[in-house]
Amino acid sequence: MTAGHDAVTFKGMIVKTVLMTACVVALVGCATPPGKLTDADFNIREVALAMPAKDAAANFRDGIRYCGSETGLVAVVHHGIPDCGQERSDGSLTCDMYLPSGMGMGRSELVLGIVSFKPSATGSTATLKVQTYAARNHNVLNAWEKFAQGKHQDVCK
């Protein structure tokens, strides 16, 4: 390799980084906040869980911590980065799920979905909502369901 080749490679890396940053900024500029999204924006799954909502939410967050914000090498499944509110007086809890930032440093402002837990007569119900634009969104719903059930080892083997 020559010094000229190294300079071209470095310039190429800078151009890729600038383009990726521009794409993230453009997408963030048109990001819809979670409270403004409607059910038409999501694929939705309701899951009955035989545990209190508080435990299901803890399982869910533990699964995200254990597996990370995504799994897979070729067919990547995004699990998202949760921003969970406080448990409400009725025992319910909601987590807004965001895509990771393009630079891999924290979350972006792009909403991947919303996960809600609420008490029920037999334990709790998890309502899993993933944006319809998300690639392999049925796999995202499957992962989230397993996280809530405490089966994260089945997701990120």
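At a 1.4 Å probe, what is the % contribution of carbon and sulfur to the accessible area of the range 58-109?
52 percent
At q = 0.15, 0.18, 0.22, 0.28 Å⁻¹, work out log10 I(q)/I(0) for the range 96-157 with the Debye formula, treating every Cα as an identical point scatterer and leaving solvent out; two decimals please.
With no solvent term, the Cα-only Debye profile gives -0.54, -0.75, -1.01, -1.20.
Can you compute the label reach from VAL74? Point 7 Å from Cα along the Cβ direction, backbone N cut-off under 19 Å, restricted to the range 141-157.
156-157
Residue by residue through the range 86-98, what is 3J(HN,Hα) from phi via Karplus (6.51 cos²θ - 1.76 cosθ + 1.60, θ = phi - 60°)? Round to whole Hz and write x for glycine and proline.
Result, ordered by residue: 6, 4, 7, 4, 8, x, 7, 8, 10, 10, 7, 10, 10 Hz.
The values are calculated or read from the model by the stated rules, or taken from the named source; none is laboratory data. Everything quoted here is computed from the prediction, not taken from an experiment. Please note: Cβ atoms are built from the backbone with ideal geometry, for glycine as well, and neighbour counts cover all protein chains shown. Calculation scope for accessible area: heavy atoms of the full protein, side chains included, ligands and nucleic acids excluded. Shrake-Rupley method; radii C 1.70, N 1.55, O 1.52, S 1.80 Å.
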